Amino acid sequence: MSQNAIMDAKDAVYGSLAECFITIEGRRYNFMSITEFESKWDVNIVEVPILGKVGMGHKSAGGKGTWSGTAHYNQSVFREMADNYQKTGKMPPFTIQVSNEDPESTVGRQTIVLYGCLCESFTLAKFQAGEELLDEELSGTFESFDIPEKFKEMDGFAAN
C-alpha cells in the first residue's frame, strides 16, 4: 500500500468566496458582479538548434499575461472606458486583484495582483427576452503580476 499523503477534501478551495477588485486611474472598485475569472501567464518557448544534437533544445524567451471572466451585466465601468477610448484614443491600463480564501481550508489565503491590464473587447448594449439574467464576457491582457499572499503548503505536499 502507498505511503503517500492524501489531500484532505476540506483543503479544496471553494471558489465563490473569492474577492476581486479593479483599480482604474486611482479609483478602486469591488468587482462583486464577476462570477468567473481566470488569469494565465503563457511563457514563449523558442527552439534552439544545437550543433551535434539531433533534437532541438528549448529556451524560455518572454511571456504574455491574459485574463478572462464572466460578469453580471450590471455595471458601466468598462463601457465608460470604451467610450473614453473611442472619443480620445486613450485607454488607461488598470489593476486587477484576486484573492482566494476558504475559512474551512488549512491553506489560507492567496492574492494575485495583475498590473497593466487592458480590455480586448467591450459589450456595449445587450438584451435577452425571457427570464434569463444578463451577463457579459470580459477578456484582456496584462503586463506583469505579483503574489503578495501565497497559499500555505498542505501537510504531505513536499515529498522530501
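Values in this text are rule-based calculations from the coordinates and carry no lab data. This one's a predicted model, so the numbers in the text were calculated from it and none came from an experiment. Note that each Cβ is placed from the backbone with ideal geometry, even for glycine, and that neighbours are counted across all protein chains shown.
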Under 20 Å from a point 7 Å along the Cα-to-Cβ line of residue 75: which residues of region 1-36 have their amide N that close?
15-36
Amide H neighbours of residue 116 at under 5 Å, excluding residues fewer than 5 places away on the same chain, with H built from the backbone geometry, are 94, 143
Mean separation of Cα pairs under 8 Å and 6+ residues apart, divided by the residue count of region 69-160: what relative contact order is that in percent?
33
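Can you give the convex hull volume per residue for the Cα atoms of region 88-160, as a whole number of Å³?
Per-residue hull volume (Cα only) is 169 Å³.
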Karplus-derived 3J(HN,Hα), 6.51/-1.76/1.60, for each residue of region 47-53, Hz, glycine and proline x:
7, 10, x, 10, 4, x, 10
For region 128-137, in order, what is each residue's ³J(HN,Hα) by Karplus, 6.51 cos²θ - 1.76 cosθ + 1.60 with θ = phi - 60°, in whole Hz (x at glycine and Pro)?
8, 5, x, 9, 6, 7, 8, 9, 9, 8
Here the residues of region 33-69 lying in the modelled label zone of residue 82, meaning backbone nitrogen under 17 Å from a point 7 Å along Cα-to-Cβ, are 34, 68-69
The chain: calculated mean residue ellipticity at 222 nm from DSSP helix runs of at least 4, using -39500 (n - 2.57)
-2500 deg cm²/dmol
Please identify every one of the chymotrypsin sites (Phe, Trp or Tyr not before Pro) in region 8-47 that sits in a loop by DSSP and has no more than 15 other beta carbons within 10 Å of its own beta carbon.
14
Could you go through region 106-119 in sequence order and give the Karplus-derived ³J(HN,Hα) for each residue, using 6.51 cos²θ - 1.76 cosθ + 1.60 with θ = phi - 60°, rounded to whole Hz, and x for Gly and Pro?
8, 7, x, 10, 10, 10, 10, 10, 9, 10, x, 6, 9, 8
Taking the Cα centre as origin and putting +1 on Lys and Arg beta-carbons and -1 on Asp and Glu beta-carbons, what dipole magnitude results for region 16-149, to the nearest 20 debye?
700
Tell me the angle of helix 77-88 to the major Cα principal axis of the chain, expressed in degrees between 0 and 90 and rounded to the nearest ten.
70
Please work out the Cα center distance from region 1-70 to region 132-160, rounded to the nearest Å.
6
Here the residues of region 141-160 lying in the modelled label zone of residue 19, meaning backbone nitrogen under 18 Å from a point 7 Å along Cα-to-Cβ, are 146-152
For region 58-158, state which trypsin sites (Lys or Arg not before Pro) are in a DSSP loop and have at most 16 other beta carbons lying within 10 Å of their beta carbon.
90, 126, 150, 152
Have a look at 116, 129, 68 and report the one farthest towards the positive end of the charge dipole of the chain, computed about the Cα centre with Cβ charges (Lys/Arg +1, Asp/Glu -1).
116
Would you indicate which of (i) 0.95; (ii) 1.09; (iii) 1.15 is the value of Rg/Rh (Cα atoms, Kirkwood Rh) derived from the coordinates of this structure?
(ii)
Per the Debye formula with a single identical scatterer at each Cα and no solvent contribution, what log10 I(q)/I(0) holds for region 1-93 at q = 0.13, 0.24 Å⁻¹?
-0.78, -1.28
Hits among aspartates and glutamates - C-alpha to C-alpha of residue 40 under 12 Å, sequence gap 8 or more where chains match:
143
